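**Q** Encoded as structure tokens, here's the structure I'll be asking about.
The values are calculated or read from the model by the stated rules, or taken from the named source; none is laboratory data. Bear in mind that the values here come from a model prediction, so they are computed numbers and not experimental data. Here the Cβ positions follow ideal geometry from the backbone for every residue, glycine too, while neighbour counts run over all protein chains shown. The area values use the complete protein model at the heavy-atom level, side chains included, leaving out ligands, DNA and RNA. Shrake-Rupley method; radii C 1.70, N 1.55, O 1.52, S 1.80 Å.
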Amino acid sequence: MSELDYEPIPLPDRFDFSESEMRDRVSRYLDKIRKRHSVREYSDRPVPRDVIENCLRAAGTAPSGANHQPWHFVAVGDPAIKHQIRLAAEKEEQSFYGGKAGDQWLADLKKVGTDADKPYLDIAPWLIAIFAQRRGVDEVGAQRKNYYVPESVGIATGFLINALHEAGLVTLTHTPKPMNFLSEILGRPESERPFILLITGYPADDAVVPRYAKQKKPLEEIATFF
């Protein structure tokens with residue numbers, strides 16, 4: 001690429017809402033995002049692939065260190081591969097819940113009702129394995145270092161969760177430790193590490209959410225103004 005390819009361009013999209021429009025828009029967004037729930041009971045109702053594709057495109061617009069976009073998303077809809085992932089995840093979870101997590105962590109998890117059994121990994125129509133890339137390649141295929149990888153991938157994951165919510169789907173972030181089995185099952189390179197396994201689809205008719213999980217801290221506890 002030439003130096004001209006890196007020259008700044010005029011801001012292509014610009015918004016200029018009035019103060020009342022800003023308040024209305026953010027109020028409506030707050031109402032919508034408050035309806036986002038982490039769900040563990042899924043319907044097997046199919047979700048079109050093109051919906052997932054556009055949600056991933058939205059995730060790909062996230063900011064990242066030096067714009068290296070150090071993420072890779074593997075969307076799994078194949079039942080056999082989903083079952084492989086379930087078996088491997090439950091093996092790790094049985095060790096975790098069997099005592100590896102420690103008494104305090106396990107006591108905290110009782111409030112949200114989780115355990116080692118993960119049937120939703122078979123039932124949900126899509127599992128999205130999110131990988132963080134420690135190294136990438138530049139425009140000419142040369143190896144390059146990536147920067148602020150966890151921060152960048154975390155932001156992209158947030159974009160993805162928000163996009164899936166916008167589509168009317170529910171999600172669950174699943175992080176069994178270790179997650180190396182995802183790299184093996186999905187054939188990802190050594191330069192990547194599993195970051196999160198995101199489950200998504202429609203909620204089951206009898207889906208519930210833990211009452212405790214809906215207790216969110218008030219603004220006074222999560223923000224300070226100067």
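**Q** Under a plain spin-label model, where a point goes 7 Å from the Cα along Cα-to-Cβ, how far apart in nm are Lys110 and Val51?
**A** Going by the 7 Å Cα→Cβ label model, 3.8 nm.
**Q** At a 1.4 Å probe radius, carbon and sulfur cover how many percent of the accessible area of the chain?
**A** 53
**Q** Which of rounded, prolate or oblate describes segment 10-81 when judged by the alpha-carbon gyration tensor and an a/c cut-off of 1.5?
**A** Working: a/c = 2.71, a/b = 1.40, b/c = 1.93.
Oblate is the answer for segment 10-81, as a/c is 1.5 or above yet b/c matches or exceeds a/b.
**Q** For labels at Val140 and Lys100 in the simple 7 Å Cα→Cβ model, what's the distance in nm?
**A** Distance between label points: 4.4 nm.
**Q** Here are some values of Rg/Rh (Cα atoms, Kirkwood Rh): [x] 1.00; [y] 0.93; [z] 0.95. Which one was computed from this structure?
**A** Read-out taken from this structure: [x].
**Q** Of the listed peptides 211-224, 26-39, what is their order by residue-averaged count of other C-beta atoms within 10 Å, with the highest listed first?
**A** Numbers: 211-224: 8.7, 26-39: 12.1.
Answer by packing, highest mean first, reads 26-39, 211-224.
**Q** Please report the net charge: other residues with Cβ closer than 13 Å to the Cβ of Val137, K and R +1, D and E -1. The partial results should precede the final answer.
**A** On the way: positive: Arg134, Arg135, Arg144, Lys145; negative: Asp138, Glu139, Glu192.
Local charge sum for Val137: +1.
**Q** Another one. I need the phi-derived Karplus couplings for segment 193-200: 6.51 cos²θ - 1.76 cosθ + 1.60, θ = phi - 60°, integer Hz, Gly and Pro marked x.
**A** Computed from phi, the couplings for segment 193-200 are 10, x, 10, 8, 9, 9, 9, 8 Hz.
**Q** Taking the Cβ of Gln215 as the center, what net charge do the other residues with Cβ under 14 Å away carry, scoring Lys and Arg +1 and Asp and Glu -1? Intermediate values should be presented prior to the final figure.
**A** Numbers: positive: Arg34, Lys111, Arg211, Lys214, Lys216, Lys217; negative: Asp108, Glu221.
Here the count lands on +4.
**Q** On full extension of the chain, what length is gained from Glu7 through Ala75, given 0.36 nm per residue of separation minus the C-alpha to C-alpha distance? Don't skip to the end; give the middle numbers.
**A** Working: separation 68, 0.36 × 68 = 24.48 nm, distance 3.46 nm.
Full extension of this stretch gives 21.0 nm more.
**Q** Out of residues 5 or more away from Val209 or on other chains, whose amide H comes under 5 Å of its own, with H placed 1.01 Å from N in the peptide plane?
**A** none
**Q** Leaving out ligands and nucleic acids, note down the accessible area per residue over the chain with a 1.4 angstrom probe, in whole Å². Please list the in-between numbers first.
**A** Values: 14710 Å² over 226 residues.
I get 65 Å² per residue for the chain.
**Q** For segment 101-122 and segment 151-171, what is the separation of their Cα centres, given in Å?
**A** Centre-to-centre distance over Cα atoms comes out at 23 Å.
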